[in-house]
Amino acid sequence: MSNKITLLSGTSNPKLAKDVGKILKLDVFYPVANFADGETRVVIPKNLRRSSVFIIQSTFPRVNDSIMELLLMIDAAKRASVSEITAVVPYFGYSRQDRKDRPRVPISSSLIVQMIKHAGASRIITVDIHSEQQLGFFDGPWDNLYASFGLVPVLKKKKLKNLIVASPDKGGVSKAVYYAKTLKAEGIAIVYKERDVSTMNKSEALDMIGNVEGKNVLIVDDIIDSAGTLTNAANLILKKGAKSVRAVVTHGLFSHPALERIENSAIEELFITDTVLVREDVLKNSKIKIATLAPLLAEAIKRIQSGESISEGLILS
Ligand code: R5P
């Protein structure tokens, strides 16, 4: 690999950055520390002149601190005469408030993108961004990769028969359709979810479209936060007569009480990725299987550097 690539990582997911570096045979630099008062302090320990700098930083855990780390790393790189800065944000937080769907709400993801741009990044890489319209908030190249690259091979190995792929809400239908086609499922189901806006993270699975009776069902979603969406959907699907319920979710945040809910739910197996650092208690959970996306990110970085296409083979059609 060209020595003109520099990999930097913040503190949110150092393992993923290390795994990407290993594949690319490149050192990863971790320039983030803290001042005594908690302020983020960044010092990049090497010459970056004319380097293409890739900053790998998911914005979870410690959502706001992770974003600050990302912005300060971008700013430090910008002031060090680099040739290009790519913000590699496998899990891109604040992406769920992506439109003004009621009065007096922010468009949070637009603001985060503006901050990344203002700090000096000229390119963004994400994985399974919550909604693809958000790519329009940035006026430079933004490659949104798909976790299916790592997850589909694992799911194919399960050889699930009589498969129905389900979306736990209307926003996830196109993802469910893609998994259904790729896994040659018999059909799809869509759960009708209502979220109570007055109580954070509380949602209810009210009904569903599609027949799941006697079927093996795979629920597809982008984020597990409190796991309310997922476990409500799983329990409803089982009540509607499914033979088994599994789930595949890209970003595993597992905020309390997610693990407890999953443990007590109808879900037999849950497949996630490592876009977010996998905690010990998640690793130890016997229902949860993890597919790494380090090869996907490494390949994307390699292709960006060499000017090859990202869509061919890395992005689903
Ligand atoms: C919502 O639109 C997302 O796709 C996820 O379904 C949601 O954010 C998951 O949150 P929770 O696990 O707290 O229900």
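The values are calculated or read from the model by the stated rules, or taken from the named source; none is laboratory data. On a predicted model such as this, the values are computed, not experimentally measured, just so you know. For neighbour counting, all protein chains shown are included, and Cβ atoms are generated from backbone atoms with ideal geometry for every residue, glycine included. Only protein heavy atoms, including side chains, enter the accessible area calculation; ligands, DNA and RNA are left aside. Shrake-Rupley method; radii C 1.70, N 1.55, O 1.52, S 1.80 Å.
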A careful count of residues in the range 51-68 that are in contact (Cβ under 8 Å) with a residue 60 or more places away in the chain and part of a loop (DSSP other than H, G, I, E, B) gives 3
Residue hits (the range 275-317; more than 19 Å from the chain's Cα centre (by Cα), assigned to a loop (DSSP other than H, G, I, E, B) and not polar (S, T, N, Q)) are K284, K287, G307, E308
The residue that is nearest to the ligand (Cβ to nearest atom), considering only those in the range 211-225 that are in a strand (DSSP E or B) and buried (at least 24 other Cβ atoms within 10 Å of the Cβ), is I224
Residue set L71, L48; condition in a loop (DSSP other than H, G, I, E, B) and open to solvent by less than 30 Å² (accessible area, probe 1.4 Å); output residue L48
*Does K175 fit the bill of being modelled with pLDDT of 95 or more, among the basic types (K, R) and within 12 Å of the ligand (Cβ to nearest atom)?*
yes
Those residues of the range 244-274 which are within 11 Å of the ligand (Cβ to nearest atom), outside any loop (DSSP other than H, G, I, E, B) and of a type outside the set (A, V, I, L, M) amount to T250, H251, G252, R261
Of the residues in the range 258-272, those that are open to solvent by less than 10 Å² (accessible area, probe 1.4 Å) and not hydrophobic (A, V, I, L, M, F, W, C) number 0
Filtering the range 74-85 down to residues that are open to solvent by 50 Å² or more (accessible area, probe 1.4 Å) and in a helix (DSSP H, G or I) yields K78
Over the range 129-162, the set of residues open to solvent by 10 Å² or more (accessible area, probe 1.4 Å) and assigned to a loop (DSSP other than H, G, I, E, B) is I129, H130, S131, F138, D139, G140, P141, Y146, K159, L160, K161, N162
Note on the range 259-284: residues under 20 Å from V217 (Cβ atoms) and in contact with an Asp or Glu (Cβ under 9 Å, 6 or more places away or on another chain) are none
Of the conditions (1) over 24 Å from V20 (Cβ atoms); (2) touching a residue at least 40 places away in the same chain (Cβ under 8 Å); (3) open to solvent by 10 Å² or more (accessible area, probe 1.4 Å), the single one that V165 does not satisfy is (3)
Within the range 228-257, residues being more than 23 Å from K159 (Cα to Cα) and aliphatic (A, V, I, L, M) number 2
Going through (1) farther than 19 Å from K202 by Cα; (2) within 14 Å of the ligand (Cβ to nearest atom); (3) open to solvent by 10 Å² or more (accessible area, probe 1.4 Å) one by one, G241 fails only at (2)
Within the range 89-98, is even one residue more than 16 Å from the ligand (Cβ to nearest atom), open to solvent by 70 Å² or more (accessible area, probe 1.4 Å) and either more than 30 Å from S306 (Cβ to Cβ) or not small (G, A, S) (or both)? no
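Here's the yes/no breakdown for (1) of a type in the set (S, T, Y); (2) open to solvent by less than 10 Å² (accessible area, probe 1.4 Å); (3) without any contact (Cβ under 8 Å) to a residue 24 or more places away in the chain; (4) within 16 Å of the ligand (Cβ to nearest atom):
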residue: A227; (1), (2), (3), (4): no, yes, no, yes
residue: N235; (1), (2), (3), (4): no, no, no, yes
residue: K287; (1), (2), (3), (4): no, no, no, yes
residue: S309; (1), (2), (3), (4): yes, no, yes, no
Exactly one of K184, K193 is of a type in the set (K, R), outside any helix (DSSP H, G or I) and more than 10 Å from the ligand (Cβ to nearest atom), and that residue is K184
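Per-residue answers, yes or no, for (1) under 21 Å from the mean Cα position of the chain (by Cα); (2) within 16 Å of the ligand (Cβ to nearest atom); (3) of a type in the set (A, V, I, L, M); (4) open to solvent by less than 50 Å² (accessible area, probe 1.4 Å):
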{"site": "S9", "(1), (2), (3), (4)": "yes, no, no, yes"}
{"site": "L26", "(1), (2), (3), (4)": "no, no, yes, yes"}
{"site": "T40", "(1), (2), (3), (4)": "no, no, no, yes"}
{"site": "I44", "(1), (2), (3), (4)": "no, no, yes, yes"}
{"site": "A87", "(1), (2), (3), (4)": "yes, no, yes, yes"}
L111 passes all but one of the listed conditions (1) part of a helix (DSSP H, G or I); (2) open to solvent by 30 Å² or more (accessible area, probe 1.4 Å); (3) within 15 Å of S12 (Cα to Cα); (4) of a type outside the set (S, T, N, Q); the exception is number (3)
